[in-house]
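What follows draws every value from the coordinates through simple rules; no lab data is involved. Quantities reported herein were computed from a predicted structural model and do not represent experimental measurements. Quick reminder, even Gly has a Cβ in these numbers, built from the backbone with ideal geometry, and neighbours come from all protein chains shown.
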Amino acid sequence: MGSIVLDNVSKTFGDAVVIPAIDLDIADGEFVVFVGPSGCGKSTLLRLIAGLEDVSGGRILIDGEDMTETPPARRRLAMVFQSYALYPHMSVRGNIAFPLKMAGLASDVVERKVADAARILNLTDYLDRKPRQLSGGQRQRVAIGRAIVRDPVAFLFDEPLSNLDAALRVAMRLEISELHQQLKRTMIYVTHDQVEAMTMADKIVVLNAGRVEQVGSPLELYRNPKNLFVAGFIGSPRMNFLSGEAARKLGAATIGIRPEHLALSTSDGLWEGKVGVAEHLGSDTYLHLTIDGVGPLTARMSGEFAARPGETLRIAPEAGKIHRFDDKGMALS
Amino acid sequence: MATLHTRASARLMMAPAVILLLAWMIVPLGMTLYFSLLRYNLLMPGMESFTGLGNYVYFLTDPAFGTALANTLLLVGGVLAITVIGGTGLALLLDQPFFGRGIVRLLVIAPFFVMPTVSALVWKTMLMHPVNGLFAWIARSLGFAPVDWFADLPLLSIILIVAWQWLPFATLILLTALQSLDEEQKEAAEMDGAGAVSRFVYIVLPHLARAMTVVVLIETIFLLSVFAEILVTTNGGPGVQTTTITYLVYMQALLQFDVGGASAGGIVAVVLANIVAIFLIRLIGKNLDR
Ligand SMILES: Nc1ncnc2c1ncn2[C@@H]1O[C@H](COP(=O)(O)OP(=O)(O)OP(=O)(O)O)[C@@H](O)[C@H]1O
Ligand SMILES: [Mg+2]
């Protein structure tokens, strides 16, 4: 019931073409993440789906029905805004009940649904507080509560976690994933954080300047990025890109190798590099190396790896894990 | 950063201003209180004598007093109602994007810059005049008998004139409040299924509550002392139909030269203004502490 199809959707503001033309299929119950750098049109695309912005061309189908001209309220979508957009003069109860009141439900039904939502989101103790008396994470949950009571066909999230601190972000990430498993509803989630994208998504849509660069499951994008942009965007630390002689030997304009696919030793390896900075995270060690005639390289070693700055090491890329790209930046198979 | 030291020096530095303001207020108030206890008429100089509360009894039992009190409250209430409701409507209109919005905004604000006497004269002679006025002309060309505003509806006429002057103020304050409403809140309400009316009632109005409180409080202070408009148009008449407390005090002092009676009236007006202020603060002031 919650399938969403974008058919050749475009959006321009005046002369500025923000989204040239996008085709996208989202299956019912899928958790889709839109990622991309700032200003690439993620929010705009989400607002087009929500109906808060009119499309300049193309069609939007929700549950097989053409909803391109339908006003937001009748698309049966719920949105969680980046600023939460809670109603400041209403209590938490009033906020969560608002969409139900607007739908004209009886007050005992409203009462029950609000209580259910509050229980799912651990808000029962805060129902009588005003939004300004809540912490960031609690406000976030109220915004989600307001979305789930409406029983929408799909949820839209616009960077819902970007105002939270790192620890809370990890916790809320998990909560939203659990909510998805519980409700089994379509969710579209916008973020510029590729870790959020990798951990939460069934399907990632990588956007760049309003264009879809690649669509696929997190591991698909990780294993087979279609082009340099996706290869550089997905994965942390970033993939190493090498051009010049090293790439030409493999018949490519650029080659890419992920930091975790490099083996370091004192004895053998393709390249020889000098250790610059070593970052010790405990679980991992990131080594920033410089290779003569090739360039800088980051290597990720599991666990604690003893390496002194200035030390010379041999570097061996794992066989079959080297990505090759042509001079237009497209992947070579 | 209010340490003991900074607070002490802050007090010291504020002292001159506070003392000056206090003297500015206390001296006239004290003199008015003193005069209000005297039998003091300018037509009989040198005959001042102490009468106790006689002036107050005289003022409060004056048959015009009850009417004046009612007129004052009607004037303040009427103007407040028109400006707050009309101001909200105008602010909503001016918040919409339309062609020539800048010029229309300027026109709406213009009445605020016109002196009360001038605007009252313009209304009296150009708009409401039963023979030459614009309203009369409109009524006649539509086939109705023209209304003689100041003879038949004197208080309403004055309410309209004063409301016209204060409408821009209310509009301006409410417009800025409206523009500070978070766009995402309106969008969220829209997605929650609230139509235009529900969005206004549940989102916009509560957001405007504080600004409305400010408008009501400030306007009340000024409206309690409306004077020029009455003097220029009706002179408090016909009879006492447009006599307010302020105007009654003026009549005592400058038409009957009764300084004692006028002072007593002034004190009564101060007390009344304070009662109104207490009521207002009780009623709507809680919107402000947040
Ligand atoms: N109302 C508007 N009028 C004109 N241009 C706009 C408007 N809204 C967005 N844009 C432009 O569209 C582009 C995409 O904006 P959008 O908000 O979708 O970016 P985003 O991907 O969500 O970025 P971020 O990650 O920073 O939130 C930007 O270049 C922005 O300047
Ligand atoms: Mg955005």
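Can you tell me the 0 to 90 degree angle between the C-alpha axis of helix A:136-148 and the longest principal axis of chain A, rounded to 10?
The angle comes out near 60 degrees.
For A:Phe34, which sequence-distant residues (separation of 5 or more, or a different chain) have an amide H within less than 5 Å of its own amide H, given hydrogens modelled in the peptide plane?
HN-HN under 5 Å from A:Phe34: A:Tyr189, A:Val190, A:Thr191, A:Val205.
Hey, could you get me the Stokes-Einstein D for region A:156-223, Kirkwood radius over alpha-carbon pairs, 37 °C and 0.692 mPa s, rounded to whole µm² s⁻¹?
Values: Rh = 12.8 Å.
In µm²/s, the coefficient is 257.
Quick one: what Rg and Dmax do you get for region A:139-191 from the alpha carbons, in Å?
Rg and Dmax of region A:139-191, Cα atoms, are 10.7, 30 Å.
Just how large is the dipole of the protein assembly as shown about the Cα centre, in debye to the nearest 20, putting +1 at every Lys and Arg Cβ and -1 at every Asp and Glu Cβ? Intermediate results must be reported in sequence, preceding the final value.
On the way: 51 positive and 55 negative charges, 161 e Å.
For the protein assembly as shown, the charge dipole is close to 780 debye.
When the dipole is taken about the Cα centre of region A:238-325, and only Lys, Arg (+1) and Asp, Glu (-1) are charged at their Cβ, what size is it in debye, to the nearest 20? Please report the intermediate quantities before stating the final value.
On the way: 10 positive and 10 negative charges, 67 e Å.
The dipole magnitude comes to about 320 debye.
So, with +1 on the Cβ of K and R and -1 on the Cβ of D and E, and no other charges, what is the size of the charge dipole of region A:4-231 about its Cα centre, to the nearest 20 debye? Working shown, then result.
Numbers: 27 positive and 28 negative charges, 144 e Å.
So the magnitude is around 700 debye.
Could you work out, residue by residue across A:11-20, how many beta carbons of other chains sit within 10 Å of that residue's beta carbon, and then give the average as an integer?
Details: counts 0, 0, 0, 0, 0, 0, 0, 0, 0, 0.
Mean partner-chain Cβ count within 10 Å for A:11-20: 0.
Quick one: compute a quarter of the convex hull surface over the Cα atoms of chain A and quote it in nm². Display every interim value, and only then the final one.
Working: hull surface 80.2 nm².
Reported value for the Cα convex hull: 20.0 nm².
May I ask you to sort A:Ile204, B:Ile218, A:Ile315, A:Ile144 by Cβ crowding, counting other Cβ atoms within 10 Å and putting the fewest first? Working shown, then result.
Details: A:Ile204 28, B:Ile218 14, A:Ile315 21, A:Ile144 25.
Lowest count first: B:Ile218, A:Ile315, A:Ile144, A:Ile204.
Points 7 angstrom from Cα along the Cβ direction at B:Phe200 and B:Ala151: gap in nanometres?
If labels sit at B:Phe200 and B:Ala151, their model points lie 3.9 nm apart.
Only Cα pairs under 8 Å and at least 6 apart count here; give the relative contact order of region B:1-63 as a rounded whole percent.
On the way: 26 pairs, mean separation 12.7, N = 63.
Relative CO of region B:1-63 lands at 20 percent.
A:Ala154's amide H: which non-local residues (gap 5+, or another chain) put their own amide H closer than 5 Å, with H modeled 1.01 Å from N in plane and none for Pro or chain starts?
A:Ala78
Pick out, from A:His192, A:Ser56, A:Ser135, the residue whose Cα sits farthest towards the positive end of the charge dipole of region A:4-231, with +1 on the Cβ of Lys and Arg and -1 on the Cβ of Asp and Glu.
Checking the options against the dipole of region A:4-231, the answer is A:Ser135.
Any idea how far the Cα center of region A:227-290 sits from the one of region A:144-205, in Å?
32 Å
Which whole number in µm²/s is D for chain B by Stokes-Einstein, with the Kirkwood Rh taken over Cα pairs at 4 °C and 1.567 mPa s?
On the way: Rh = 22.4 Å.
Value of D from the Cα-based Kirkwood radius: 58 µm²/s.
Amide H to amide H, which residues 5 or more places from A:Leu270 or on other chains are under 5 Å from it, using H placed in the peptide plane?
Sorted by chain and number, the residues that satisfy this are A:Ile315, A:Ala316.
Mind jotting down a quarter of the surface of the convex hull over the alpha carbons of region A:238-325, in square nanometres, one decimal? Walk me through the numbers on the way to the answer.
Working: hull surface 21.2 nm².
For region A:238-325, the mean projected area of the Cα convex hull comes to 5.3 nm².
Using only Cα atoms, what is the ratio of the radius of gyration of region B:1-41 to 2.2 N^0.38 Å?
Numbers: Rg = 17.3 Å, N = 41, 2.2 N^0.38 = 9.0 Å.
Region B:1-41 yields a ratio of 1.91.
For region B:132-146 and region B:44-93, what is the separation of their Cα centres, given in Å?
Value for the Cα centre distance between the two parts: 33 Å.
Convex hull over the Cα atoms of the protein assembly as shown, averaged projected area in nm²? Don't skip to the answer; put the middle values down first.
Details: hull surface 178.8 nm².
That works out to 44.7 nm², a quarter of the Cα hull's surface.
So for region A:37-134, considering every pair of alpha-carbon atoms, how many percent are separated by more than 22 Å? If you can, show how the numbers build up before the last one.
Numbers: 2146 of 4753 pairs.
The calculated P(r) of region A:37-134 puts 45 percent of pairs beyond 22 Å.
Going through the DSSP H helices of chain B, which span 30 Å or more along their own axis at the Cα atoms while scoring at least 0.5 as a mean Kyte-Doolittle hydropathy?
Working: long enough: B:4-36 (44 Å, 1.28); B:63-95 (48 Å, 1.63); B:154-179 (37 Å, 1.79); B:259-284 (37 Å, 2.17).
Qualifying helices: B:4-36, B:63-95, B:154-179, B:259-284.
So what is the relative contact order for chain A, in percent, with contacts set as C-alpha pairs under 8 Å and at least six apart? Don't skip to the end; give the middle numbers.
Working: 672 pairs, mean separation 55.3, N = 333.
Value for chain A: 17 percent.
If you take the charge dipole of region B:54-289 about its Cα centre, with +1 on Lys and Arg Cβ and -1 on Asp and Glu Cβ, which of B:Pro63, B:Leu93, B:Val122 is farthest toward its positive end?
Checking the options against the dipole of region B:54-289, the answer is B:Val122.
Can you tell which of A:Gly282, A:Ala231, A:Thr266 lies farthest toward the positive end of the dipole of region A:230-289, using +1 and -1 charges on the Cβ of basic and acidic side chains (Lys, Arg; Asp, Glu)?
A:Ala231
Going by how many other beta carbons lie within 10 Å of each one, how would you line up B:Glu187, A:Glu175, fewest first? Could you put the intermediate results ahead of the total?
Details: B:Glu187 20, A:Glu175 17.
Ordered from fewest to most neighbouring Cβ atoms within 10 Å, B:Glu187, A:Glu175 come out as A:Glu175, B:Glu187.
Greater than 23 Å separation of Cα atoms is the criterion. Which listed pairs, A:Lys226/A:Lys249; A:Lys130/B:Lys186; A:Lys11/A:Lys101; A:Lys101/A:Lys203; A:Lys11/A:Lys42; A:Lys226/A:Lys321, meet it?
On the way: A:Lys226/A:Lys249 21 Å; A:Lys130/B:Lys186 18 Å; A:Lys11/A:Lys101 33 Å; A:Lys101/A:Lys203 34 Å; A:Lys11/A:Lys42 12 Å; A:Lys226/A:Lys321 14 Å.
Pairs exceeding the cut-off: A:Lys11/A:Lys101; A:Lys101/A:Lys203.
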